[in-house]
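The values are calculated or read from the model by the stated rules, or taken from the named source; none is laboratory data. Remember, it's a predicted structure, so these values are computed and weren't measured experimentally. As a convention, Cβ positions derive from the backbone with ideal geometry for all residues, glycine included, and neighbour counts pool all protein chains shown. Just so you know, the surface numbers come from the protein's heavy atoms only, side chains and all, with ligands and any DNA or RNA stripped out. Shrake-Rupley method; radii C 1.70, N 1.55, O 1.52, S 1.80 Å.
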Amino acid sequence: MVTSALPSLTELLDALSVVQIPMRVRFRGVTVREAVLIRGPLGWGEFAPFPEYSDVESSRWLAAALEAGWAGWPDPVRDTVPVNATVPAVPAREVSGILARYDGCTTAKVKVAELGQSPRDEVDRVAAVREVMGPAARIRVDANGGWTVTEALAALGKLSEYGLEYAEQPCTTVEELRALRIGLAHNGIDVLVAADESIRRATDPMRVVRQEAADIIVVKVAPLGGVRSALAIAQECGLPTVVSSALDTSVGIRAGLALAAALPQLPFACGLSTVELMAGDVSDDSLVPTAGSIALRDLTVEQGLLDHWQAPPDRERWWRERVARCHAALAHQLLRQDERPGRPAGS
């Protein structure tokens with residue numbers, strides 16, 4: 001997280017653009033993605049917390065954007081990052097068309113536990129992915145905490161027949177994830193459990209480790225306050241780490257790539273190819289996979305694309321007001337941090 005010299009609100013408001021980009025397909029209820037792009041002296045940052053997130057939670061997203069534009073990122077240890085294809089909760093007949101957008105990806109993340117859908121829909125979708133990608137591909141499923149432990153055991157028992165790499169946030173709480181891991185082992189279901197929301201939306205991410213509730217952690221730059229903050233959490237947890245994104249433009253993806261490139265080890269493909277889910281981008285050189293990976297490179301944001309996708313005045317006003325509130329929340333957090341006992345002033 002940015003820890004000193006917080007840019008002024010005026011500086012941010014003068015340097016931002018608000019874009020509104022349609023989704024190619026509905027994704028977690030989102031049909032249009034809105035984002036604030038902020039240009040700093042070191043580059044562009046993205047601020048795009050979902051509307052239902054509180055200002056305090058969203059202030060971490062602002063911290064991540066400011067890190068990108070004003071502080072920069074740690075040095076990379078790799079220059080390419082393998083990524084997975086993402087399959088929304090679409091009918092099985094649409095799977096082939098979605099996967100065709102991802103060049104050379106050998107891993108797919110499939111959304112499950114969608115409201116209004118049946119377990120049969122999930123099985124059909126995963127089966128279609130396996131059929132299209134072949135027996136050597138890796139398939140992971142993401143429930144976004146949508147199952148109870150009982151539901152997760154039943155669903156993963158069926159889906160495991162198609163060979164699952166892991167299940168991402170199958171249940172909501174840390175206690176449920178722990179119970180599920182025990183239940184999977186007792187039932188001979190060979191599926192790893194990955195924690196996502198239990199890391200990025202938790203006040204204490206280490207509970208996942210202490211409770212032995214996951215085999216893998218999923219980290220996202222923006223919700224965790226920036227690349228350095230996410231990197232510190234990953235190192236403290238000590239579990240295999242997957243870097244993912246949150247329906248970002250290429251600006252947000254670039255931050256995710258910076259994190260993935262800085263991790264000492266990267267055993268799994270990362271969920272950083274979500275630009276493919278949107279009908280447009282803010283760069284002519286979109287950060288999308290080639291032969292299953294995205295190369296680390298500088299990003300040029302095109303003013304013409306910012307203008308093309310510019311949000312309507314009412315939405316721009318809404319986002320500017322949100323930036324102002326989150327800037328105040330972030331400033332308050334940093335002030336409290338500086339006032340902690342034993343902390344040198346301004347450190």
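Observations on the model:
- Among the GluC sites (Glu not before Pro) in the stretch 44-105, those placed in a DSSP loop whose Cβ has at most 14 other Cβ atoms within 10 Å are GLU52.
- Rounded to 10°, Cα long-axis angle of helix 250-262 versus longest principal axis of the chain: 70 degrees
- Loop trypsin sites (Lys or Arg not before Pro), the stretch 244-322, which have at most 16 other Cβ atoms in a 10 Å radius of their Cβ (DSSP): ARG297
- Of the trypsin sites (Lys or Arg not before Pro) found in the stretch 43-140, those in coil by DSSP whose Cβ has at most 16 other Cβ atoms within 10 Å are ARG78, ARG101.
- Helical contribution to [θ] at 222 nm, DSSP H n ≥ 4, -39,500 (n - 2.57), averaged over the chain, rounded to 500: -11000 deg cm²/dmol
- Cα long-axis angle, helix 227-237 against the chain (0 to 90 degrees, to the nearest 10): 40 degrees
- Theoretical FRET efficiency, 1/(1+(r/R0)^6), r = Cβ-Cβ of GLU236 and GLN211, R0 22 Å, to 0.05: 0.90
- Overall, the accessible surface of the stretch 1-68 at a probe of 1.4 angstrom is composed of carbon and sulfur to the extent of 50 percent.
- Between amide H atoms placed 1.01 Å from N, distances below 5 Å from CYS270 occur with VAL83, ASN84, all of them 5 or more places distant or on a separate chain.
- If you run the Gaussian network model on the chain, springs between alpha carbon atoms under 10 Å, then out of GLY188, GLY43, GLY145 the most flexible one is GLY188.
- Fraction of beta bridges assigned by DSSP in the chain that are antiparallel (%, nearest 5): 45 percent
- Taking every DSSP bridge with both residues inside the stretch 189-320, close to 10 percent are antiparallel.
- Taking a ≥ b ≥ c as the square roots of the eigenvalues of the alpha-carbon gyration tensor, the stretch 1-67 is classed prolate because a/c is 1.5 or more and a/b outweighs b/c.
- Probing with 1.4 Å while keeping every protein chain in the model, the per residue accessible area of the stretch 190-315 equals 35 Å².
- Net charge of Cβ neighbours under 13 Å - reference TRP319; Lys, Arg +1; Asp, Glu -1: 0
- Taking a ≥ b ≥ c as the square roots of the eigenvalues of the alpha carbon gyration tensor, the stretch 33-136 is oblate, as a/c is not under 1.5 and a/b does not beat b/c.
- Of all DSSP beta bridges in the stretch 1-148, antiparallel share, percent nearest 5: 60 percent
- In the chain, the longest principal axis of the Cα atoms and the axis of helix 174-186 are about 20 degrees apart.
- Positive contributions from Lys and Arg (+1) and negative ones from Asp and Glu (-1), summed over other residues with Cβ under 14 Å from the Cβ of GLU212, come out at +1.
- Taking the 1.4 Å solvent-accessible surface of the stretch 85-219 as the whole, the part contributed by carbon and sulfur is 49%.
- Gyration tensor verdict on the stretch 167-236 (Cα atoms; rounded if a/c is under 1.5, prolate if a/b is larger than b/c, oblate otherwise): prolate
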